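Asker: The following block contains the structure, expressed as structure tokens.
Nothing in this text is a laboratory measurement; each read-out follows from the coordinates by a stated rule. None of the values given here were measured: they were computed from a predicted structure. Glycine also receives a Cβ, built like all others from the backbone with ideal geometry; neighbour counts cover every protein chain displayed.
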Amino acid sequence: MKRIVYILGLVLFIIAACNEKWNEHYEEIDDSSVSSLNLLQYLKTQPNYSKFVTALEETGVAKELERDQNLTIWAVNNDAMDKLTEMQITFTDTFIMQYHVNYLSFGYSKLYDGLRMKSISGKYISVTMNSDSTLISNSKLINKNQFCKNGVVHEIDNLMKPVISIYEYLLTLGNEYSTIVDTIINANDTVFDPSNSAPIGVDTTGNTIYDSVFIIKNPLLEIADFKSEFSQLTMFLPNNSVIDNCLETLNNQLSSIGRSSTHNDTVIAFNWIKGALFYNNIIRDIDPNTDLISADNKVWRPSVQKIDPKAIAMSNGLLYNITNMKIPNNVYITRIKSLVHYYEFLPEDSATRAQYIQFYNTTSYGPEPMDTYDFTKYGGPKGVYTIVRFKGASPSDSLLSAVEFSPLKIETLEDNSILASEMLIPAGEYTLYLGFRSLKHPFVNVYINGNMAAKELNVANSNPWNYDRVTQTAPGIPKYDGLGGAVGNVIVDGNGLQHIKIKIEFNRIGQGTAEDMQPYHWALVPTANNY
């Protein structure tokens, strides 16, 4: 008996719970908001929607409202329809009228901030809710919840203009965006899709003939599908002027470190640009102090890269226009390298040379050819290592011998003479490398722009300090043209291109007190922080 009473109680509880849920679901419906007519029939009974109904009928969308399935219609009154000329929207456009119908019934209680509802046009309608209004796309909801036999009617204050996808938007852009659009769209590949192609016969050789379906493939779509309506992305968009300025800055920086821009540099630049444009999330607030990571794992640093903060709404995300863009230093600079003895190719007057190299507390100094080398088996040259050799005063002297120099680049003129000039270094963090004729070399202290980079550095070991030929060679660079020994990380302060000075100073610990210094080269390699 107790068991029967328990089961009966449980049944009554379930019924009560179901009724509560049922009432909760329909609590927004009252007698005044329910009609036994279907959606089209109801709209035709409302004189204030007559122009909207006419537009539905002229575009063929009206028949959708008679379907035996739940729908939502976003209706517009006659006054709003009269304003369409001002809005540059035509209600004779089938696509626009389809945008006002959803295949599911969304009563007001089912709406929430951020909801995206797919219209029968295939485009999504977004809902934005705040304390004082509800926006359907960019139109304000003014009357809600007229329930009909096959759905619900809501009234909005203006006809909605469908928002296109990021991909569709790119296709509409003019010549001022041709560079990036061509770069992205030219990566498209139209390929046969056998899974969605229906077989319709067999040819004379026995091969199946298909009613062929072709799809567009693009490497970018695989990491950020800006073509899909299901995506929610953010795109940063550069126009031609922004890209031109970006490449000009790149070329100037390459020239400043003694390199000419090559086709490969351009390829690297555009690969970074393409990879930095798309983000697999909606970005509404951009913190200037927080890096963003793109869908292609590129670093976007808002303190360097600049965008217009006004976002453009797309059906599958947001788009921002870029106002300034820079290829990060660590993307296109593998290393910066030069030889200390290049100062001998400066004009011979002492005043000019003194701007770029100074010797301190020395009894003798100058370029000096030393060991010969033959790296033809590595594809390299035969030649002689030229060091800068300088010797200090007596050990009883408290002053330390040193050389301080500005990095120099060289160019060969038409008469085959060589001219040196100062190398400007892009600001940022680097790892500093040095090379010496290391045999019995003393310990050294190293400074950059007056700041100590290393103290009591033992550079006597041939590995890795002997010239640039033992270890630390960069990928793809032959053994005779490596990096040398790592001194440590250094900061080139400032913005843009900077003058710097490197100082190598004798240190009186280690192997004797003979101040015989023989530096050969220096190199800077950007760290991951060097943007």
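Asker: For region 50-81 and region 260-279, what is the centre-to-centre distance using only Cα atoms, to the nearest Å?
Answerer: A separation of 49 Å, based on Cα centres.
Asker: Can you tell me the length gained on complete extension of the stretch K391 to L37, counting 0.36 nm per residue apart and subtracting the Cα distance? Numbers along the way, then the final one.
Answerer: Working: separation 354, 0.36 × 354 = 127.44 nm, distance 10.38 nm.
So the chain would gain 117.1 nm between K391 and L37.
Asker: Suppose we take every Cα in region 28-156 and form the convex hull; what volume per residue is that in Å³? Could the numbers behind the result be given before it?
Answerer: Values: hull volume 13.5 nm³, N = 129.
Given the Cα convex hull of region 28-156, per-residue volume reads 104 Å³.
Asker: Would you please give the FRET efficiency between D285 and N138, computed as 1/(1 + (r/R0)^6) with r the Cβ-Cβ distance and R0 = 22 Å, to the nearest 0.05? It would help to have the intermediate numbers written out before the result.
Answerer: Values: r = 20 Å, r/R0 = 0.93.
For D285 and N138, the calculated efficiency is 0.60.
Asker: Is region 215-360 best put as rounded, prolate or oblate by its Cα gyration tensor, with a ≥ b ≥ c the root eigenvalues, rounded for a/c under 1.5, and otherwise prolate when a/b is larger than b/c, oblate when not? Please list the in-between numbers first.
Answerer: Values: a/c = 3.32, a/b = 2.55, b/c = 1.30.
In terms of gyration-tensor shape, prolate.
Asker: I've got another one for you. Any chance you could check the Cα centroid distance between region 92-155 and region 323-372 for me, in angstrom?
Answerer: 68 Å
Asker: Using per-residue counts of other Cβ atoms within 10 Å, averaged over each peptide, order 362-370, 461-469 from highest down.
Answerer: Descending mean neighbour count gives 461-469, 362-370.
Asker: Classify region 336-526: rounded, prolate or oblate, from the alpha-carbon gyration tensor (a ≥ b ≥ c, eigenvalue square roots; a/c under 1.5 rounded; otherwise prolate if a/b is larger than b/c)? The partial results should precede the final answer.
Answerer: On the way: a/c = 1.23, a/b = 1.13, b/c = 1.09.
Cα axes put region 336-526 in the rounded bin.
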